[in-house]
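Novice: I'd like to ask you about the structure that follows.
The values are calculated or read from the model by the stated rules, or taken from the named source; none is laboratory data. On a predicted model such as this, the values are computed, not experimentally measured, just so you know. Reconstructed Cβ throughout: ideal geometry from the backbone, glycine too, with neighbour counts over all protein chains shown. Keep in mind that these areas ignore ligands, DNA and RNA; they rest on the heavy atoms of the full protein, side chains included. Shrake-Rupley method; radii C 1.70, N 1.55, O 1.52, S 1.80 Å.
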Amino acid sequence: MLTQPTYAVALVGALGAIWLAKKSVAYPLALAGIPTIIEAITGSNPLPKGGVTFIFAAWIGAAVAFALLRGAHPAIGRALISAPVLLSFALLGVMLARLGASPAEEYGSTTVQLYVADNLVFLIGAVFVGSSRRDLHLFFAILLAVATGEALMLMLKLLSGGLHMTFEGRFALSTHEYPIYLGRDSADGLIVAIYTVLTATRTWTRMMAVAVLPLLVVGLLAAGSRGPVVACLIGVVALVALTSTKGRARQRLLLAGGGLLGAMIVVPLILPSSAIGRALSAIVGGASGLSTNGRAALWSKAFTGFAQHPLIGLGTGGFSALNPTLPYPHNILLEAGVALGIVGVLLIVGIVFGAGRRIFSCWRNGLGRDRADAAVLAALFVSALVNALVSGAIQDNKEIWVWGGLGVGMAARMALLDRSRPTPVRPTPAAAATGG
């Protein structure tokens, strides 16, 4: 280690990761964006392709094992046998069963591996985090810090002239990262920042959240991705609708509005008009709306493939055989339909419906901070669903499983608390008549 300092750094990092995993599953789950920041600073990724994905899968798995040993999540048993979790594993079973019949077996095998590492592992980790109120709040704090770090790094690179467009009108933190991931991370951070403004008990925390809003808006628009912009807007509307029932919440929304107004001043000073125009084209109109870049053609081709094999589909990753240059149709339902038939579509719908129902139940039955937590989960879940319907492959849309898993864990925790409360004893008619 003295002759190879890289090994010493790796050892210290591994020990720190183990320490964090022992403390909470929230750390590895929320720190998934850290490698992007490190790569932006160092300018390179020393790991082989897919290395980061599987390192985080192992890290989350270790954190889950530590959590089970601690026994600090009494509601976890109920959560792990919930419909969204079981249906997610059933989807894996169908994907494995249909892999051998796929005309694009190699791509299908990659899809299965990434579905396990990105979607299922993150789902289980999220269930553990959601089943603890402390872990859930820790997760939101770390996620906001990471999203802010990405946006700040982007801002510094833009101001220094050290960042170039990855594609026309689109920026990313590194040449190895697709811009849409920056857009999605910034959108999630923006929603969580507004939630922090609404719920923070300390004034300095609330003001810090307001201050980072312009940074996150810059990151969202710099990516030039229209899907995350539309999804973020819908998510923010959902958050406002679910939290603006009280006067104090409405006052704090005005404070968040001030931060967004500041973003309207900052964005044109930093970003070129091409990036702003592309990112906002789906909202304000323009020649580069969501139907361009071949989306309509991809959806049509996927629907045709699904119609020709409606029961069991072409096989896992089957759309790749129909369109080798872009192996997924940018719509999670169409991708499941063309690959796995109506069975795959019903499983995706069941996962989404089951998770969404639990999140809404938490909002409806929750009080105080629990109700606000459910509101932000609902906003993030809706945003992720919109993204999944217009961009990415199934393994690129792990946010559905993350936010859904948090909601499943939270619902199980609240149900356990309800059962542990003593049931009030109703007086008998005779006792009521005598005042006893």
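Novice: So, R0 is 25 Å and r is the distance between the beta-carbons of L68 and A10; what FRET efficiency does that work out to, to 0.05?
Specialist: After rounding, the FRET efficiency stands at 0.40.
Novice: Mind checking the dipole of the range 1-147: about its Cα centre, +1 per Lys or Arg Cβ, -1 per Asp or Glu Cβ, Debye to the nearest 20?
Specialist: The calculated dipole for the range 1-147 is roughly 540 debye.
Novice: How much length would be gained if the chain were fully extended between I270 and A101, taking 0.36 nm per residue of separation minus their Cα-Cα distance, in nm to one decimal?
Specialist: Once the chain is fully extended between I270 and A101, it gains 55.8 nm.
Novice: Could you tell me the accessible area of V237 in Å² (1.4 Å probe, neighbours in place), rounded to the nearest ten?
Specialist: V237 exposes around 90 Å² with every protein chain in place.
Novice: When the accessible area of the chain is computed with all protein chains present and a 1.4 Å probe, what percentage of it is carbon and sulfur?
Specialist: 69 percent
Novice: Helix hunt in the chain: which complete DSSP H runs extend at least 24 Å axially by C-alpha with mean Kyte-Doolittle at least 1.6?
Specialist: Qualifying helices: 51-70, 203-222, 226-243.
Novice: I'd like the distance between the alpha-carbon centres of the range 93-138 and the range 164-222, rounded to an integer number of Å.
Specialist: Between the Cα centre of the range 93-138 and that of the range 164-222, the gap is 26 Å.
Novice: Determine the sum of side-chain charges near T148: Lys and Arg each +1, Asp and Glu each -1, restricted to other residues whose C-beta is under 13 angstrom from that of T148.
Specialist: Combined, the nearby Lys, Arg, Asp and Glu give -3.
Novice: While we're on this one: Hey, got a sec? Which trypsin sites (Lys or Arg not before Pro) in the range 208-255 land in a DSSP loop and have at most 12 other Cβ atoms within 10 Å?
Specialist: In loop regions of the range 208-255 (DSSP not H, G, I, E or B), the sparsely surrounded trypsin sites (Lys or Arg not before Pro) are K246.
Novice: Taking the solvent-accessible surface of protein heavy atoms with a 1.4 Å probe, what is the per residue accessible area of the range 361-410 in Å²?
Specialist: Counting only protein heavy atoms, the per-residue value for the range 361-410 is 24 Å².
Novice: First check a/c for the range 99-222, with a ≥ b ≥ c the square roots of the eigenvalues of its C-alpha gyration tensor; if it is under 1.5, answer rounded, and if not, answer prolate when a/b is larger than b/c or oblate otherwise.
Specialist: oblate
Novice: Continuing with this model, one more query. How far apart, in nm, are the 7 Å Cα→Cβ label points at A90 and L346?
Specialist: So the two model labels end up 0.8 nm from each other.
Novice: Could you tell me which label, among [x] 20.7; [y] 26.5; [z] 23.1, carries the value of mean projected area of the Cα convex hull in nm² calculated for this structure?
Specialist: Comparing each candidate, only [y] matches the computed number.
Novice: Where a ≥ b ≥ c are the square roots of the eigenvalues of the C-alpha gyration tensor, would you call the range 1-124 rounded, which needs a/c under 1.5, or, failing that, prolate if a/b is larger than b/c, or oblate?
Specialist: Oblate, since a/c reaches 1.5 and b/c is not below a/b.
Novice: Here is a follow-up. Compute the distance from the alpha-carbon center of the range 296-339 to that of the range 5-65, in whole Å.
Specialist: 34 Å
Novice: Go ahead and estimate [θ] at 222 nm for the chain from helices alone: -39,500 (n - 2.57) per DSSP H run with n ≥ 4, summed, over the residue count, rounded to 500.
Specialist: -24000 deg cm²/dmol
Novice: Which sequence of Y328, Y195, Y178, Y7 reflects their accessible areas, 1.4 Å probe, from the largest down?
Specialist: Y7, Y178, Y328, Y195
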